[in-house]
Each structure stands twice: as C-alpha cells, then as structure tokens.
C-alpha cells in the first residue's frame with residue numbers, strides 16, 4: 001500500500017537516469033522547493049549523476065530485460081522510500097504503463113497512458129493509420145520495408161519527400177529528397193534492417209505542442225515554434241512560445257480520442273500551400289526543450305508529480321517568450337551592443353547550465369574522452 005503524502009515536500013524516483021532528457025527533467029524539478037530527487041540508472045557514469053539536484057544516485061547492472069528493469073525499479077523504491085515514480089524516456093514509460101498495477105501498490109505513479117495508446121503514438125506508421133482513421137489532418141505516409149518496391153513508392157508519392165525511421169527520435173536518420181534519383185541513391189545503400197516511413201514533404205514551418213493530460217483532458221500546455229536568425233544555419237537558434245488556436249484544436253482532438261494520460265509532445269507543421277496545420281508525429285515522453293517551458297509558465301515534470309500524488313495544481317498562466325541557445329544568445333548580445341541587430345530574446349538555456357553546471361561539464365568530458373578512445 002502506497003503511503004499518503006500530505007505535506008508540501010515529497011521525494012521522486014526517476015527510474016531511467018540514462019534517458020536522453022533526464023538532466024532536463026531533474027533541472028525542472030530542481031526549480032521547485034522541497035523536492036528530493038533519486039535517480040536510478042543502468043549506466044554508471046552519466047551526466048545526471050552529477051547534478052546538484054540529484055540527492056541519491058543508484059546504479060544497477062544486468063538490466064537488459066523488462067523483468068530485470070522492473071526488479072531494479074522495485075528495489076530502488078524500497079531503498080529510497082520515494083513518494084512518486086516519474087519515468088522520463090520511451091522505454092521506461094512503457095514499462096511503467098505495462099506494470100502499473102504492480103508498481104502502484106508500492107509507490108504513487110506519475111500519469112502514464114495505457115499501453116495500446118502508447119504503442120500507437122510511438123510508432124510513426126501506426127500513428128499515420130490512426131490519424132487517417134480518425135480523419136485528422138496529416139501528411140500522406142507510406143511504409144517502406146524489406147518487401148517494398150521502390151519503383152511503386154516513386155509512382156505513388158509526390159516529391160519532395162521526407163523519410164524517417166518508423167521508430168526513432170532526435171531527428172536521427174531523417175532525410176529529405178527532392179527527386180527520385182536522390183532517393184534511388186539512398187536506396188542503393190539501404191540495408192533493410194529496419195522499417196522507414198516516406199511522407200510527402202510539407203512546405204511550411206514546424207510548430208509543436210506539449211501537453212499534460214488526464215484521461216484526454218488537457219490540464220496544461222505550451223505551444224512552441226522553432227526560430228532561425230540565419231538562413232544558412234542548419235539548426236534553430238531557439239524557440240518561441242506562443243498561442244495558436246488551430247494547433248491547440250488539433251492536439252485537443254488527438255488526446256481526447258486517445259483518452260491520453262501523462263505528458264506528450266506533438267510535432268505539427270503548418271502547410272503553406274493549403275493554409276492548414278497537420279499532425280506529424282507524437283513523442284510520448286519528455287522532450288529536449290522541456291526545461292524551456294518553465295520560462296513560458298509550465299513545469300511539466302512538477303505537474304506530473306503533483307497529479308500522481310493527487311495534489312492540487314498551482315495556478316498556471318502561460319507567457320509568450322523567446323528562448324535561445326547559449327551561443328546564439330551571446331552573438332545577439334554582441335550584435336546589439338554594436339548596433340548591428342535588433343534581434344532579442346527573453347531567456348537562454350544557459351540559465352539552467354549556470355545553476356547546475358556539472359552535468360553539462362561532465363557530459364562534454366565523457367564525450368571527448370570517448371572520441372579520443374576511438375582514434
């Protein structure tokens with residue numbers, strides 16, 4: 001039987017410190033007072049271990065199977081006596097959703113979706129079928145695997161197209177092809193080891209929406225648009241938080257039909273040719289820019305914990321803000337001093353690094369060390 005947590009303070013166990021966005025989640029929780037953070041990880045030397053907000057770090061080995069991971073989580077719950085379990089990444093969120101009945105006897109659990117909804121949202125091909133079935137606007141999508149005919153695909157899709165792994169994240173192995181010749185060149189090196197999806201490329205811009213829900217009801221959200229201050233720079237300098245009724249309406253329809261519980265970051269794109277917002281994909285996990293949402297007025301990890309503990313949520317008022325990365329922020333400041341630019345920003349990601357520098361520093365050291373070893 002889980003214990004009742006009545007006072008304002010509480011402790012949280014993050015069971016996947018090895019996840020890509022665990023540092024951002026810990027920094028979000030660190031912004032709140034009276035939260036004690038325990039981190040469990042199957043990797044030993046990871047950045048989140050060195051965060052000033054990590055009260056206790058627990059390493060476990062032999063965690064390759066679901067059963068081993070579940071056992072490690074249960075052991076950590078008993079060792080820490082934590083109040084709430086907060087999974088961060090895809091693998092662990094699904095594990096917690098699958099074994100929620102067992103875990104909920106031991107600890108409060110931050111909201112997670114049911115397994116079937118999670119599996120659809122996490123699979124780009126299944127999601128495209130679901131969107132089509134539910135008449136929700138999305139790009140034309142074709143599954144491409146070892147049995148697919150490239151010639152048939154070329155005859156049924158309009159270029160340019162974008163291809164991406166059926167299951168993947170972080171923008172890895174995503175490519176845009178302007179014509180069939182370029183696609184055929186890619187295919188000549190295709191090893192058929194995994195499924196891809198081909199989508200009609202949408203001329204326009206990306207705009208994303210992050211939400212936290214209970215049974216399809218949105219309790220808080222932020223909408224963000226990638227911004228570029230230079231056309232020759234491949235990555236966005238930052239993000240702009242804003243309101244967009246069409247984006248929110250589309251997202252609301254999706255999470256209601258899924259009866260979604262927990263957090264999800266939904267990628268959308270504005271189609272300039274038909275002036276319409278389209279759903280691109282869902283990320284049923286915490287996302288890279290989750291910490292930036294704090295500047296806009298929403299601390300998603302903290303809200304997740306409060307919901308799991310059945311606490312009253314604070315009053316939430318979102319704000320339109322521009323958040324940029326550290327390097328671009330410095331360039332903007334120098335150009336403004338020299339009266340060479342009128343660009344501005346409200347906050348930078350450096351503010352988190354400044355208050356909690358060790359995870360970033362250790363991450364850089366480990367990365368350079370690994371590169372040196374491979375030389």
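Restricted to helices (runs of 4 or more DSSP H) entirely inside region 75-133, those with at least 3 residues that are within 20 Å of the chain's Cα centre (by Cα), within 19 Å of residue 214 (Cα to Cα) and assigned by TED's automatic domain parsing to the domain that holds residue 58 are 90-98.
Name the single residue that is surrounded by the fewest Cβ atoms within 10 Å (Cβ to Cβ) among those in region 164-195 being touching a helix residue (DSSP H, G or I) at 6+ places or on another chain (Cβ under 6 Å) and not in a loop (DSSP other than H, G, I, E, B). Residue satisfying both the conditions and the ranking: 187. Restricting attention to region 22-56, the residues that are over 18 Å from residue 354 (Cα atoms), modelled with pLDDT of 95 or more and either buried (at least 18 other Cβ atoms within 10 Å of the Cβ) or within 22 Å of the chain's Cα centre (by Cα) (or both) total 6. Would you check if there is a residue in region 355-375 being touching a strand residue (DSSP E or B) at 6+ places or on another chain (Cβ under 8 Å) and under 25 Å from residue 47 (Cα atoms)? So far as region 355-375 goes, no, none of its residues is touching a strand residue (DSSP E or B) at 6+ places or on another chain (Cβ under 8 Å) and under 25 Å from residue 47 (Cα atoms). Based on this model, can you work out whether residue 347 counts as touching a residue at least 60 places away in the same chain (Cβ under 8 Å), surrounded by fewer than 21 Cβ atoms within 10 Å (Cβ to Cβ) and touching a strand residue (DSSP E or B) at 6+ places or on another chain (Cβ under 9 Å)? Considered against the rule, which asks whether it is touching a residue at least 60 places away in the same chain (Cβ under 8 Å), surrounded by fewer than 21 Cβ atoms within 10 Å (Cβ to Cβ) and touching a strand residue (DSSP E or B) at 6+ places or on another chain (Cβ under 9 Å), residue 347 comes out as no.
Among the residues in region 282-289, are any farther than 26 Å from residue 122 by Cα, touching a residue at least 12 places away in the same chain (Cβ under 8 Å) and part of a loop (DSSP other than H, G, I, E, B)? Looking for residues that are farther than 26 Å from residue 122 by Cα, touching a residue at least 12 places away in the same chain (Cβ under 8 Å) and part of a loop (DSSP other than H, G, I, E, B), one finds none in region 282-289, hence no.
Every residue, every condition in (1) in contact with a helix residue (DSSP H, G or I) (Cβ under 8 Å, 6 or more places away or on another chain); (2) assigned to a helix (DSSP H, G or I); (3) over 28 Å from residue 160 (Cα atoms), yes or no:
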| residue | (1), (2), (3) |
| --- | --- |
| 197 | yes, no, no |
| 209 | yes, no, no |
| 212 | yes, no, yes |
| 223 | yes, no, no |
| 246 | no, yes, no |
| 251 | no, yes, no |
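Being surrounded by fewer than 19 Cβ atoms within 10 Å (Cβ to Cβ) and modelled with pLDDT of 95 or more holds for only one residue in 320, 370, and it is 320.
Residues in region 335-356 that are more than 22 Å from the chain's Cα centre (by Cα) and at pLDDT 85 or above: 4 in all.
Determine whether region 206-215 contains at least one residue that is in contact with a strand residue (DSSP E or B) (Cβ under 7 Å, 6 or more places away or on another chain), closer than 30 Å to residue 301 by Cβ, modelled with pLDDT of 85 or more and surrounded by fewer than 15 Cβ atoms within 10 Å (Cβ to Cβ). Looking through region 206-215, none of the residues is in contact with a strand residue (DSSP E or B) (Cβ under 7 Å, 6 or more places away or on another chain), closer than 30 Å to residue 301 by Cβ, modelled with pLDDT of 85 or more and surrounded by fewer than 15 Cβ atoms within 10 Å (Cβ to Cβ).
When residue 16 is tested against (1) part of a loop (DSSP other than H, G, I, E, B); (2) surrounded by fewer than 20 Cβ atoms within 10 Å (Cβ to Cβ); (3) in contact (Cβ under 8 Å) with a residue 12 or more places away in the chain, exactly one condition is not met: (2).
The values are calculated or read from the model by the stated rules, or taken from the named source; none is laboratory data. Please read all numbers here as calculations on a predicted model, not as lab measurements. Positions of Cβ are generated from backbone atoms using ideal geometry, with glycine treated the same way; all protein chains shown enter the neighbour counts.
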